[in-house]
Amino acid sequence: MEAVKQYDHIRVEKNSEKKTATIVFDRPEKMNFISMLARSQFSQIFDELNKDDDVRVIIIKGEGDKVFSAGGNIPEFLEVHQEELSHLAVNVAAPERSPVIAQLQGYTFGVGFEIAMACDFRIASDDTLLALPEMNLGMIPGSGGTQRVAKAVGLTRAKDMIMRARRIPADEGYQWGLITKVVPKADLEKEVDALVEELLKFSPLALKVCKQVLNAADETPLSAGIELEGKAYGLLRTTEDFKEGVAAFVEKRKPNFVGK
């Protein structure tokens with residue numbers, strides 16, 4: 001594993017052999033809280049990884065074995081201008097190209113949970129607790145939490161969770177659709193590794209296009225979404241990866257996708 005850069009208690013590691021990058025919230029003595037500086041660096045990290053052809057899957061996790069992230073550094077909110085606070089969601093949007101896996105455990109609160117909700121997959125240990133506790137501070141979530149949760153689970157459950165600052169256990173989060181899969185804590189790393197290996201078998205170009213089309217389904221009417229899907233389908237028909245996939249199917253072998 002090779003380190004890329006050192007940020008404000010965020011560690012980024014690349015594994016060129018496995019085509020992965022791992023973003024680690026690295027402040028275990030403080031429950032992996034995420035500072036305002038780290039938030040601003042988060043979008044920079046994603047921009048850099050988005051341009052790196054050696055990175056095909058991204059994993060986000062917390063340092064240690066007790067917590068993903070307990071959220072932001074609360075006293076800092078009084079030190080930041082309200083205009084800056086109004087644009088925090090920009091910093092937690094996941095990159096468009098690579099699949100992103102959130103590896104959750106323990107407290108997954110506030111901006112930590114909002115970051116997880118911006119990911120494509122959320123694999124959680126059975127001790128995970130999800131929460132957007134901002135109502136306890138006389139505040140609301142400000143990094144996309146209200147919108148992503150409401151789109152994922154509907155208004156009734158979103159209001160139950162957010163307006164009551166309720167902590168959602170892993171099993172309930174899975175039932176609601178907030179979590180992709182819940183596994184015993186001892187199996188968490190293994191489960192994430194297995195998902196990475198599965199994703200690496202597919203065409204990186206097809207995964208990128210599929211992710212964009214699926215994300216658009218949240219924001220476009222059905223007719224426009226179907227038109228977008230059709231155009232994407234036609235585009236992928238022209239790629240080397242599609243030709244390789246068909247050839248591999250006919251020849252009864254595993255395809256070798258190169259992302260072109």
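Observations
- Karplus-derived 3J(HN,Hα), 6.51/-1.76/1.60, for each residue of the stretch 176-191, Hz, glycine and proline x: 6, x, 7, 10, 6, 7, 10, 9, x, 3, 5, 9, 4, 4, 4, 5
- Per-residue ³J(HN,Hα) for the stretch 60-70, Karplus 6.51 cos²θ - 1.76 cosθ + 1.60, θ = phi - 60°, Hz, x for Gly and Pro: 10, 8, x, 5, x, 10, 10, 8, 7, 6, 7
- Only Cα pairs under 8 Å and 6+ residues apart enter the sum, and on that basis the relative contact order of the stretch 168-260 stands at 25 percent.
- Exposure proxy shown here: for 151, 190, 211, 254, the number of other Cβ atoms within 10 Å sets the order, fewest to most, as 254, 190, 151, 211.
- Mean residue ellipticity (222 nm) of the chain, computed from DSSP H runs ≥ 4 via -39,500 (n - 2.57), nearest 500: -11500 deg cm²/dmol
- Close Lys pairs in the stretch 2-200 (alpha-carbon distance under 14 Å; sequence gap of 8 or more, or different chains): 10.
- Residue 29-residue 175 FRET efficiency (beta carbon distance; Förster radius 41 Å; 0.05 resolution): 0.80
- Considering only 136, 73, 32, the mean-square fluctuation computed in a Gaussian network model of the chain, springs between alpha carbons under 10 angstrom, is largest for 136.
- Under 5 Å from the amide H of residue 62 lie the amide H atoms of 25, each residue being 5 or more positions distant or on a separate chain, with H modelled from the backbone and absent for Pro and chain starts.
- The stretch 198-260, Rg to Rh (Cα coordinates; Rh as Kirkwood inverse mean 1/r): 1.05
- Furthest towards positive pole of dipole, 10, 174, 156, structure part the stretch 2-200, Cβ charges: 156
- Contour minus Cα-Cα distance for residue 65 and residue 186 (0.36 nm per residue): 42.6 nm
Values quoted throughout were computed directly from the atomic coordinates according to the rules given, and no laboratory measurement underlies them. Only a predicted model underlies this, so the values are computations on that prediction, with no experimental measurement involved. Don't worry about glycine lacking a Cβ; one is built from the backbone with ideal geometry, like all the others, and counts go over all protein chains shown.
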